[in-house]
Amino acid sequence: MKPAILLIEDEAAIADTLVYALQADGFEVVWRALGQTGLAALRERHFDLVILDVGLPDGSGFELCKEIRKTSEIPLMFLTARSGEIDRVVGLEIGADDYVPKPFSPREVCARVKTILKRSRGAALPPVLFQVDAEGGRIRYRGRLLPLTRYEFGVLQVLLSQPGRIFSRNQLMDRVWGDAEAFDRTVDTHIKTLRTKLHEVDPERDPIATHRGLGYSMQLAS
Ligand code: CA
């Protein structure tokens, strides 16, 4: 699968050049010209890296970076027209992985993107598989925030409450759906979408085990 890059840059000429160079280097690139549309794209699907312009029409890239960092540890690289040391320091302090001042050569950007991706892939995976923020209704898997629906969150939270224990469909329905209308199939459907989302983070394993005729369990040991 090609690594996917989200480029948030309002200048079409710069964006075109970068999209072309990155695609030529084997990356899939999605381009958004505004901070808000970029943020929306990031919520819709998985990306491996974000390239973010500091000066955007609807706000500063630094602010956008802080917003992204609230929910995601995705590798992030800034592009900027200014090349002051202060910008560099600010950019790296708020969680950027790299910083490229304009004008830059697309080749240089590609090279840096590869370096960042190599580094982030080589980094040891966090020892904690899941981090549940029950109050915030959020769950991180391998350090990445999962884009969960309300019921997906519920199912995952119940399975994680007692790893290894098998929960039947009825038990899951009771605990997650309560009085709301749900059918056996509803549970299966949610397990399926959950697996897809977990798989996007780590294609190597499926921590949700199916026990035929019995139900589902969470398997945390590798
Ligand atoms: Ca700009």
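Throughout, read-outs are computed from the coordinates displayed, never taken from laboratory work. What you see is a predicted model; the values in this text were computed from it and never measured. Cβ atoms come from the backbone with ideal geometry, glycine included; neighbour counts cover every protein chain shown.
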Checklist outcome for this item: A student applying the Cα gyration tensor rule (rounded when a/c is under 1.5; otherwise prolate if a/b is larger than b/c, oblate if not) would label the chain prolate
Checklist entry - To the nearest 20 debye, what charge dipole does the chain have about its Cα centre, counting +1 at the Cβ of each Lys and Arg and -1 at the Cβ of each Asp and Glu? => result 780 debye
Checklist entry - Whose amide H sits under 5 Å from the amide H of Asp58, counting only residues 5 or more places off or on another chain, with H placed in the peptide plane? => result Gly35
Next on the checklist: Take His46 and Glu28, extend 7 Å from each Cα along the Cα→Cβ direction, and tell me the distance between the two endpoints in nm.
Outcome noted: 1.0 nm
Checklist entry - Taking the Cα atoms only, what angle lies between the long axis of helix 12-24 and the longest principal axis of the chain, rounded to 10 degrees? => result 60 degrees
Checklist entry - Taking the Cα atoms only, what angle lies between the long axis of helix 184-201 and the longest principal axis of the chain, rounded to 10 degrees? => result 30 degrees
Checklist entry - Quick one: of the DSSP bridges fully inside the chain, what percent are antiparallel, nearest 5? => result 45 percent
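Restricting to DSSP loop positions (anything but H, G, I, E, B) with no more than 14 other Cβ atoms inside 10 Å of their own Cβ, which trypsin sites (Lys or Arg not before Pro) remain in segment 163-202? It would help to have the intermediate numbers written out before the result.
Numbers: sites: Arg165, Arg169, Arg175, Arg185, Lys192, Arg195, Lys197; in loops: Arg165.
For trypsin sites (Lys or Arg not before Pro) across segment 163-202 that sit outside H, G, I, E and B with at most 14 neighbouring Cβ atoms in 10 Å, the list reads Arg165.
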Checklist outcome for this item: If unit charges are put on Cβ atoms (+1 for Lys and Arg, -1 for Asp and Glu) and the dipole of the chain is taken about its Cα centre, the option from Val54, Ile116, Ala41 lying farthest towards the positive end turns out to be Ile116
Checklist entry - Check Leu145: other-chain or 5+ apart residues with amide H under 5 Å from its amide H, H built from backbone geometry? => result Glu73
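Magnitude of the Cβ-charge dipole of segment 116-222, K/R +1 and D/E -1, about the Cα centre, nearest 20 debye?
On the way: 17 positive and 12 negative charges, 111 e Å.
That gives segment 116-222 a dipole magnitude of about 540 debye.
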Next on the checklist: For Arg144, Arg212, Arg119, which order do you get if you count the other beta carbons within 10 Å of each Cβ and list the fewest first?
Outcome noted: Arg212, Arg119, Arg144
Checklist outcome for this item: Taking Cα atoms only, helix 35-44 is inclined relative to the longest principal axis of the chain by an angle, in degrees rounded to 10, of 30 degrees
Next on the checklist: Taking 8 Å as the Cα distance limit and 6 or more residues as the minimum spacing, I'd like the relative contact order of the chain as a percentage.
Outcome noted: 14 percent
Item to check | Label-to-label distance, nm, for residues given as Lys114 and Asp16 (7 Å Cα→Cβ offset) | outcome: 2.6 nm
Item to check | Proximal lysines relative to Lys2, as straight alpha-carbon distance under 25 Å, when same-chain residues fewer than 8 apart are discounted | outcome: Lys114, Lys118, Lys192, Lys197
Item to check | For Ala81, residues with placed amide H under 5 Å, excluding near neighbours | outcome: Val54, Gly55, Lys102
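What net charge do the residues around Leu117 carry, taking every other residue with its C-beta under 13 Å from that of Leu117, with Lys and Arg at +1 and Asp and Glu at -1?
+1
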Item to check | Cα convex hull volume per residue for segment 1-85 (Å³) | outcome: 95 Å³
Checklist entry - What longest region of the chain stays clear of GluC sites (Glu not before Pro) that DSSP places outside H, G, I, E and B and that have at most 13 other Cβ atoms within 10 Å? => result 1-134
Checklist entry - Which residue, Tyr99, Tyr20, Tyr141, tops the fluctuation ranking in a GNM of the chain built on C-alpha contacts under 10 Å? => result Tyr20
Item to check | Integer Hz, Karplus 6.51/-1.76/1.60 couplings in order for segment 172-179, x for Gly and Pro | outcome: 5, 4, 4, 6, 9, 8, x, 7
